[in-house]
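Shown next, in structure tokens, is the structure this report addresses.
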Amino acid sequence: MAACHIFSMATYASNMICYPHPANPVINGLRKTHHLQFTDSTFWAIPMSLCFNGHHFHRPLAAASVEETAKTESKEGKPRFKLDAVDPEITEAQKQAIAQLPYHMAKRCKALMRQLICYSPQKGSLCELLAAWVRAMKPSRAHWLAVLKELRIRDHPLYLQVAEIAVIEESFEANLRDYTKIIHGYGKQNRIEDAVKTLSNMKARGFICDQVTLTAMIDMYSKAGHVKLAEETFEEVKLLGQPLDKRSYGSMIMAYIRAGVPDQGESLLIEMDAQEIYAGSEVYKALLRAYSMVGDTEGAQRVFNAVQLAGISPDDKLCGLLINAYGVSGQSQKARVAFENMRTAGIKPTDKCIALVLAAYEKENKLQKALKFLMALERDGIMVGKEAAETLAAWFRKLGVVEEVDTILREFAETEANSRVPAT
């Protein structure tokens, strides 16, 4: 009975690739389907009759290969694909794509790439094409990887389909990372159900999830806005009993940021700091931006300080986010202090930073201080660029004082000049 069960699971998983069911739309109630299942008497994930080798469990011998599956699709009993030739009626774009294949690519890989570039479902299924290639060319894992790499580089629409078929083919010698790459690919396209299905197929073939694979799932759920599923998967990572790395933490922090709860992301950041694990600069920047956009100056300042404690040197973008936080909250003086601190630290102020300080002054209607700020910049040889000038012009238009600005600036210039002339 156990053997029959394994056979059914493997055959079903293979058929799902070559005979996919229509995809159901992702709904808010999307169920998480990748919990490991255990028997009552063991902690081994079902199925159990597999040999482990590193990250690789040999798939059951009863599982249908791509060639076996393709046989069920071909009813004519004769090959539909000629690997040594392509349709003479191919388009110019297809001709150009074929001409751009790498010079040193193996001939058997080029043969398949030509067929994939010119592929049309009318000729037969993708399973049949790959089965014909396997029979004729006897590819090794290296050949499969060369083809997949070229498809990925070209961002070819068949990349993930070919990868899904490859992992069930014995000559490909699939391992855990191969499945992780497919899941990551589906995640980038926001194809959640396809990623979950791949994870289920992976476990049906005897592979056990590790931290890298689960982190890819967290990242996907995060980008899709499914924070609860991300949280559940993050808990699964913890149950692996291994120290969490910065990627797992970072993916969950990003999920909280995208869900609009940066304080929960900051809590994880504090948890990381306690273990001397530091997130990437992009995570700190995203968290700082989340606080900055809503004018949470305390949160923004905490994250800005944490950046420096993590050994990351602040740049003009991080400083700009801190300035913006003070500006949004109506604290123009502190925005100016943050700007001057940036200069003191040797960070060259950008036009964006100057515009943010001007916007902070505008929010509090402090025109005189804004003009003094501009004069100070001019005195130090810092010229106002396009963005700052547009911010200033928009402010002046609101005030209806566009024509008076030149007079005011000249008066300031004369005052500054007179103040530097020594008394006689």
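Descriptive notes on the structure:
- Probe 1.4 Å, protein heavy atoms only - accessible area per residue of region 206-279 in square angstrom: 44 Å²
- From phi via Karplus (6.51, -1.76, 1.60), per-residue ³J(HN,Hα) for region 167-173 in Hz, x at Gly/Pro: 5, 9, 8, 4, 5, 6, 6
- Residues in region 329-334 carry Karplus couplings, in order, of 7, x, 10, 5, 5, 6 Hz; the curve used is 6.51 cos²θ - 1.76 cosθ + 1.60 with θ = phi - 60°, and Gly or Pro positions show x.
- Principal axis box of region 280-405, alpha-carbon based, largest edge first, Å: 49, 30, 21
- Heavy-atom accessible surface of residue 152, to the nearest 10 Å², is about 130 Å², with a 1.4 Å probe and all protein chains retained.
- For residue 280, no residue 5 or more places off, or on another chain, has a built amide H under 5 Å of its own.
- Here the Karplus curve 6.51 cos²θ - 1.76 cosθ + 1.60, taken at θ = phi - 60°, turns the phi angles of region 289-295 into couplings of 5, 4, 6, 5, 5, 9, x Hz, with x standing for Gly and Pro.
- Probe 1.4 Å, all protein chains present, accessible-area order of 95, 366, largest first: 95, 366
- For region 90-174: accessible area per residue (Å², 1.4 Å): 49 Å²
- For residue 83, residues with placed amide H under 5 Å, excluding near neighbours: none
- When 87, 210 are compared by accessible area at a 1.4 angstrom probe, the order from most to least is 87, 210.
- Non-local Lys pairs in region 90-174, i.e. 8 or more apart or on different chains, that have alpha carbons under 20 Å apart: 10
- Rounded percent of accessible protein surface that carbon and sulfur make up, region 206-279, 1.4 Å probe: 52 percent
- Measuring between alpha carbons in the structure, the pairs from 203/285; 82/223; 181/246; 352/372 lying more than 30 angstrom apart are 203/285; 82/223.
- Ranked order, 91, 198, 391 - accessible area, probe 1.4 Å, largest first: 91, 391, 198
- In this structure residue 232 has an accessible area near 80 Å², from a 1.4 Å probe over the protein heavy atoms.
- Net +/- balance of residues flanking residue 299 in space, Cβ distance below 9 Å, scoring K and R +1, D and E -1: -3
The values are calculated or read from the model by the stated rules, or taken from the named source; none is laboratory data. All figures in this text were calculated on a predicted structure; none of them were measured in a lab. Every residue, glycine among them, receives a Cβ derived from its backbone with ideal geometry; neighbour counts consider all protein chains shown. Ligands, DNA and RNA are stripped out before the accessible areas are found, and what is left, the full protein with its side chains, is counted by its heavy atoms. Shrake-Rupley method; radii C 1.70, N 1.55, O 1.52, S 1.80 Å.
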